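Enquirer: Handing you this structure, nothing more for now.
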Amino acid sequence: MSEISSPSAPARIRPAAWPAAVRRSLAAAWPALVAYAAARTSGLVVLFIWAHTVGKDAVGLLGSRADAGHYVEIAAHGYPSAAEIQTNAMAFFPLHPTLTRWLGAILPFGLPTVGVLLTWVMSLVAAWGLFAIGNHLHDRRTGVLLATVWGLLPHAIVESMGYTEAMFTAFAAWTLLATLRRQWVTAALLSVLAGLTRPSASALFPVVVLAAFVAIVRRQDRSWRAWFAMLVAPLGWLGYLGWVAARTGRLDGWFHIQHEGWGSSWDAGRYTAKMTASALSEAKVPDYLLVALVLLLCVALFAISVIDRQPWQLLMFSALMIAVSLGGSGYFNAKARFLLPAFALLLPVAGALARTKPAKMLVIVGTLAAVSAYCGGYLLLIWKFSP
């Protein structure tokens, strides 16, 4: 922890040294990548077997179900006109469909498959970043388990679909690690990419901006790099909202589309609290009860993270992710998915598992794998709406 709070000079890597640094990082992270890949493979195997028994196309569900279908549509045809307000695709941020379109031009696969492959690659980048954070704050074993547990969450099937949670988590993890290390240019540029990926980047770039500001005020770093981070980190998120505003002719264009087209707006969590209470007190479908339990667990894990005195940068990101995810009305069924990128909430779990005897750890991880595999199959084969 001392290297996080120390006012010593930030770690910087010369451009010529990047290849060697990446090789060293991968050499340390490979167990986490293998464990994460095994975690997600176990869920996908169950999904494919289950789908085959009920006569459904698992590949099609991964690439075209709900939001994934919207990203494929954007990749194929671009954004609709501003007049098409109902379910307007401008609510979806552009980086994933843009990369899908570019890759689709060179790969011999359809756009839905390309979108899934892109997500699989980015999920491995995310697992690598989670390992790096766990290793940086604690030890290698915690890093491996942090990546593994993230791949075994109830809604982890989304990490293998043509959705953007895996891509955003990858950018968020590496942005926060760069912020902890005061590598300001890297943090700012990754924050821009995160801001082009999901609206929940509004929980990420304020961390970079505030961390750079604190470093300047405390005279830890008054270089141009810290100022660069303060100015550049929000530009991806603000840039896309500005583009939507210009296209719709409304300063609040994106928020207007969210409200009118998708029935979602900020209500400070009243809708979420009402639906959670209803799910826990009435006979609700399993998905609603699962989401309610995940939300309550996230709040509890945040409290434990505070008690554990996580770095304030991670606490701020987790708090903002919870606020952004729970504070909006509508789409209660998707709120657990919205919290997938809040990986820092899993650090207490990974730390506890790292201190557990190997036999007990395997039993716990195996149980998580079984629950995650069932939840993934349920969300795609039984649940009719977006996971």
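The values are calculated or read from the model by the stated rules, or taken from the named source; none is laboratory data. Since the model is a prediction, treat every value here as computed from it, not as a measurement. For neighbour counting, all protein chains shown are included, and Cβ atoms are generated from backbone atoms with ideal geometry for every residue, glycine included.
Enquirer: Taking Leu231, is it at pLDDT 90 or above and under 30 Å from Leu368 (Cβ atoms)?
Expert: Answer is no for this residue.
Enquirer: Would you say Ala273 is modelled with pLDDT of 90 or more, surrounded by 13 or more Cβ atoms within 10 Å (Cβ to Cβ) and part of a helix (DSSP H, G or I)?
Expert: yes
Enquirer: Mind checking which residues of the range 279-315 are part of a helix (DSSP H, G or I), touching a helix residue (DSSP H, G or I) at 6+ places or on another chain (Cβ under 8 Å) and of a type in the set (S, T, N, Q)?
Expert: Passing the criteria: Ser305, Gln313.
Enquirer: Restricting attention to the range 38-55, which residues are in contact with a Leu (Cβ under 7 Å, 6 or more places away or on another chain), surrounded by 15 or more Cβ atoms within 10 Å (Cβ to Cβ) and not aromatic (Phe, Trp, Tyr)?
Expert: Across the range 38-55, the qualifying residues are Ala39, Leu47, Ala51.
Enquirer: Only one of Leu153, Leu95, Leu180, Leu176 is under 20 Å from Phe317 (Cα atoms), touching a Gly at 6+ places or on another chain (Cβ under 9 Å) and in contact (Cβ under 8 Å) with a residue 60 or more places away in the chain. Can you tell me which?
Expert: Values: Leu153 fails: touching a Gly at 6+ places or on another chain (Cβ under 9 Å); Leu95 fails: under 20 Å from Phe317 (Cα atoms); Leu180 fails: touching a Gly at 6+ places or on another chain (Cβ under 9 Å).
Only one candidate qualifies: Leu176.
Enquirer: Do you know which residues across the range 123-169 are part of a helix (DSSP H, G or I) and among the small types (Gly, Ala, Ser)? Write out each step before concluding.
Expert: The first filter runs over the range 123-169 and keeps only residues part of a helix (DSSP H, G or I), leaving 123-137, 140-150, 156-160, 165-169.
Hits for the range 123-169 are Ser123, Ala126, Ala127, Gly129, Ala132, Gly134, Gly143, Ala147, Ala156, Ser160, Ala166.
Enquirer: Only one residue in Ala344, Ala292, Ala354, Ala336 is closer than 23 Å to Met161 by Cα, in contact (Cβ under 8 Å) with a residue 24 or more places away in the chain and touching a Ser or Thr at 6+ places or on another chain (Cβ under 7 Å). Which one? Can you show your working first?
Expert: On the way: Ala292 fails: in contact (Cβ under 8 Å) with a residue 24 or more places away in the chain; Ala354 fails: closer than 23 Å to Met161 by Cα; Ala336 fails: touching a Ser or Thr at 6+ places or on another chain (Cβ under 7 Å).
When all the criteria are applied, what remains is Ala344.
Enquirer: Go through (1) modelled with pLDDT of 95 or more; (2) more than 21 Å from Thr175 (Cβ to Cβ) for Met321 and report which single condition fails.
Expert: (2)
Enquirer: Mind counting the residues in the range 321-359 that are assigned to a helix (DSSP H, G or I) and crowded, with 18+ Cβ neighbours inside 10 Å?
Expert: 23
Enquirer: Taking only the range 295-308 into account, find how many residues are in contact (Cβ under 8 Å) with a residue 24 or more places away in the chain and more than 28 Å from Ala89 (Cα to Cα).
Expert: Residues meeting the conditions: 6.
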